[in-house]
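S.K.: Got a structure for you, written out below as structure tokens; questions coming shortly.
The values are calculated or read from the model by the stated rules, or taken from the named source; none is laboratory data. The model shown is predicted, which means the values in this text are computed figures rather than measured ones. No Cβ is skipped: glycine too gets one built from the backbone with ideal geometry, and neighbour counts run over all protein chains shown. Ligands, DNA and RNA are stripped out before the accessible areas are found, and what is left, the full protein with its side chains, is counted by its heavy atoms. Shrake-Rupley method; radii C 1.70, N 1.55, O 1.52, S 1.80 Å.
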Amino acid sequence: MTGDEDSRMCKDISEDACHQQPGNVWRHLLASLGTKLADELASARLVLPWLLGLIGAPVWMVGLLVPIREAGALLPQLVVAGFIRPLPRRKWVWVAGSVLQALMAFSLVIITLLSRGDGDSGLGGSLAGGLGGSLAGGLVLGCLVVLSLGRGVASIATKDVLGKTIAKQRRGRLMGWSGSLAGAMTLLAGGVLMLLGEQPGQQVLATLMAIAALGWSLNAFCAALIKEDRGATSGGANAWDTVRQGFSQLRHDAAFRNFNLARALLLSSALALPYIALLGQQQSGESLGGLGVLVVVSGLAGMVASPIWGKLADTSSRRVMRNAGAGAAVCCALAGSMVWWPGALSDSVWSYAVVYGLLVIAHSGIRLGRKTYVVDLASADNRALYVALSNTLTGVLMLVLGLAIGGLAQWLGSEWLLLILAGVATAAALCAQRLPEVEDD
């Protein structure tokens with residue numbers, strides 16, 4: 001994986017970068033360990049909703065967590081690409097984004113501790129006895145907005161540095177092992193959550209936020225140590241010029257355009273995951289215990305699947321996207337039809353956990369395949385622009401589709417929604433099949 005062999009043959013990177021590649025692989029891995037740990041312990045899907053409930057925040061705030069987390073990280077990236085273009089070394093942008101996330105996580109620690117009301121309930125309270133629920137919830141959302149912006153800044157710089165420091169046909173394996181570390185962190189987080197019980201104390205949640213802050217600090221430290229060559233700085237533009245240039249590339253590059261279409265359809269796997277968890281809770285009658293099972297299964301699935309997908313992506317990321325999309329379609333169809341299965345199966349959280357784990361495996365392949373594909377599709381001159389434009393389009397689609405999917409789930413029910421998403425995933429697999437190969441270019 002590191003490329004530390006006698007031949008030192010490297011594709012798409014300079015000779016100096018090839019020489020530094022073995023050490024840079026480990027720096028990338030340790031940086032990934034830090035950020036994945038932080039992402040799990042400050043999860044907008046699991047931990048932050050509990051925090052808002054514990055501090056007595058209004059229920060409507062919980063519904064804003066995931067859209068803010070995802071769209072806030074993706075939407076600014078096209079603008080960020082224009083700003084980082086004049087910088088010969090982009091790792092410092094990565095460092096700045098990670099430091100910003102660490103600062104916001106430390107801020108969440110303070111908010112969590114100051115939100116203590118009577119005893120350990122954290123409900124209501126004045127400034128003398130703790131931050132009120134609405135004020136504390138608003139501060140949490142504000143921190144999440146800034147944290148997501150930091151994530152977006154770090155994400156675009158991370159992929160650009162990856163393309164400059166790690167050669168083709170090694171990036172997939174690197175991201176695969178990064179995904180395996182993420183699975184281990186998910187497993188750890190799931191075990192912790194199962195031990196916390198129905199209502200974890202605020203000090204426990206504050207500890208989780210503090211560890212997340214340390215994770216992002218580790219990410220920033222390792223990013224600063226990466227040996228990065230000076231890159232091309234010509235062609236820099238202001239934000240509006242960057243937007244126009246990005247859409248010009250989208251019009252003229254058919255492969256990039258079709259990739260974004262496939263990526264949009266592949267969002268079906270991400271949108272399906274919470275609804276499978278919801279069905280499992282509804283049918284099994286279990287709440288936190290069942291959710292803990294799902295989180296642990298998710299961690300195990302990620303640990304097993306990501307290195308395999310990574311190795312396959314180095315051969316053909318297009319086929320990884322196609323096969324993972326087909327797998328997601330099967331999982332969505334199974335989950336959507338499970339309510340009509342015999343009661344012994346449909347009433348058990350373990351049935352949903354198995355399907356959920358299989359969909360996590362497919363989703364892991366989708367994420368890894370499309371990340372490898374866009375990095376290998378682009379050249380050193382336009383990689384940051386391609387990644388930023390693709391992520392920005394995905395951020396817009398997540399907001400739109402998230403609202404639409406929520407409405408369909410309310411109208412049709414989770415079962416029929418999952419069957420619809422199975423059809424969308426099938427279309428995604430067919431679209432990915434039409435993409436050109438990029439690994440051997």
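S.K.: Do you know which of the residues in segment 97-120 that are modelled with pLDDT of 50 or more and open to solvent by 40 Å² or more (accessible area, probe 1.4 Å) is nearest to residue 74 (Cα to Cα)? Working first, answer last.
M.R.: Taking segment 97-120 as the starting set, the residues that turn out to be modelled with pLDDT of 50 or more are 97-116.
Retained after the next criterion (residues that are open to solvent by 40 Å² or more (accessible area, probe 1.4 Å)): 99-100, 103, 106, 110, 113-114, 116.
Numbers: 99: 18, 100: 16, 103: 20, 106: 23, 110: 27, 113: 30, 114: 31, 116: 33 Å.
Per the stated criteria, the residue is 100.
S.K.: Can you find a residue that is modelled with pLDDT of 75 or more and of a type in the set (Lys, Arg) anywhere in segment 221-241?
M.R.: Looking for residues that are modelled with pLDDT of 75 or more and of a type in the set (Lys, Arg), one finds at least one in segment 221-241, hence yes.
S.K.: Taking helices (runs of 4 or more DSSP H) that do not extend beyond segment 250-352, which have at least 1 residues that are modelled with pLDDT of 80 or more and of a type in the set (Gly, Ala, Ser)? Before the answer, list the steps.
M.R.: Details: elements: 254-284, 288-337, 343-346.
The qualifying helices (runs of 4 or more DSSP H) are 254-284, 288-337.
S.K.: Checking residue 123 against (1) surrounded by fewer than 17 Cβ atoms within 10 Å (Cβ to Cβ); (2) at pLDDT below 55: exactly one of these is not met. Which one?
M.R.: All conditions pass for residue 123, except number (1).
S.K.: I want to confirm something. Restricting to segment 83-94 and keeping residues that are surrounded by fewer than 19 Cβ atoms within 10 Å (Cβ to Cβ) and in a helix (DSSP H, G or I), which single residue is modelled with the lowest pLDDT?
M.R.: Here the residue is 83.
S.K.: Out of 190, 183, I need the residue that is at pLDDT 70 or above, open to solvent by less than 10 Å² (accessible area, probe 1.4 Å) and touching a Gly at 6+ places or on another chain (Cβ under 7 Å). Which one?
M.R.: On the way: 183 fails: at pLDDT 70 or above.
From the options 190, 183, the qualifying one is 190.
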